[in-house]
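The values are calculated or read from the model by the stated rules, or taken from the named source; none is laboratory data. Just so it is clear, the structure is predicted and the values come from calculations on it, not from any experiment. Virtual Cβ from ideal backbone geometry, glycine too; neighbours counted across all protein chains shown. Accessible surface areas use protein heavy atoms only, side chains included; no ligands, DNA or RNA. Shrake-Rupley method; radii C 1.70, N 1.55, O 1.52, S 1.80 Å.
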Amino acid sequence: IFMFLDMKDSTTHAEVLGHIKFSLLIQDCIKDLTSAILQHQVEVYQYVGDEAVLTWKINEGLENANCLNVYYTFAHSLNARKKHYEEKYGIMPFFKAGVHLGEVTVSEVGIIKREIAYHSDVLNTAARIQGKCNEFAAELLVSEEMEQSFNAHDGFAFEDIGGISLKGKQYPVVIYRVTKQY
């Protein structure tokens, strides 16, 4: 399971704050993400700018809906520190996420700089799903395969948005808007 978690309006925030203050904002957000990561059995694949790519083995991600609850735990952490963010940066950061699952290949790549890399359409699809969040006014979107993986929806509501064309995909991908039922 892969989640692409990205800060909304980051380009605007970077322009307003400047690169040093924006970097501090990202560092603060990643600190707040860390407690959610530890609570929900997340493996961090990588941080790229203002984005985090999170992953789980399927059983671990579905257990206790870890792959969805991590998002809401993180959002709660950010909201708990709203005053801090508004006083220090003049903004309240907001993140959006896309989640998809499937088979991937893991390999070591690179000669000069080596790293472990995942290769699969799963990553591309998760990233493209996350990219649709603004269009559908959604904070968290998942693929149909993810939606079908939950038993009785585990405390979440799933709204079928329908088959959406994603760049690089031959056929539309059915996506769902996710909201947590409190």
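Here is how the numbers come out for the structure above:
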quantity: Mean Cβ count within 10 Å, highest first, over the residues of peptides 156-163, 89-96; calculated: 89-96, 156-163
quantity: Estimated [θ] at 222 nm from DSSP helical runs (n ≥ 4, -39500 (n - 2.57)) normalised by residues in the chain, nearest 500; calculated: -11500 deg cm²/dmol
quantity: Neighbour net charge for HIS119 - beta-carbon separation under 12 angstrom, K R +1, D E -1; calculated: -3
quantity: Whole-number percent relative contact order across the chain, with pairs defined as alpha carbons under 8 Å at least 6 apart; calculated: 21 percent
quantity: Tail fraction, Cα-Cα pairs, the chain, threshold 27 Å, whole percent; calculated: 28 percent
quantity: Proximal charge balance of GLU108 [Cβ under 12 Å; K/R count +1, D/E count -1]; calculated: +1
quantity: For the stretch 26-45 versus the stretch 86-125, the gap between their alpha-carbon centres in whole angstrom; calculated: 13 Å
quantity: Members of LYS8/LYS83; LYS57/LYS82; LYS113/LYS167 lying beyond 22 Å, as alpha-carbon distances in this model show; calculated: LYS57/LYS82; LYS113/LYS167
quantity: Segment LYS169-LYS8, length gained on full extension (0.36 nm per residue, minus Cα span); calculated: 55.6 nm
quantity: Of the DSSP H helices in the chain, those whose Cα atoms cover at least 20 Å axially and whose Kyte score averages -1.0 or more; calculated: 19-39, 66-80
quantity: Solvent-accessible area, 1.4 Å probe, carbon plus sulfur percent, for the chain; calculated: 50 percent
quantity: Neighbour net charge for LEU141 - beta-carbon separation under 12 angstrom, K R +1, D E -1; calculated: -3
quantity: Rule-of-thumb Rg ratio for the stretch 84-182 [Cα; 2.2 N^0.38 Å; N residues]; calculated: 1.32
quantity: Sequence-separation-based contact order of the stretch 1-109, relative, with Cα cut under 8 Å and 6+ spacing, percent; calculated: 42 percent
quantity: Three-way shape call for the stretch 52-113 based on the alpha-carbon gyration tensor, with the a/c threshold at 1.5; calculated: oblate
quantity: Debye intensity ratio in log₁₀ form over the Cα atoms of the stretch 1-95, taken at each q of 0.23 Å⁻¹; calculated: -1.15
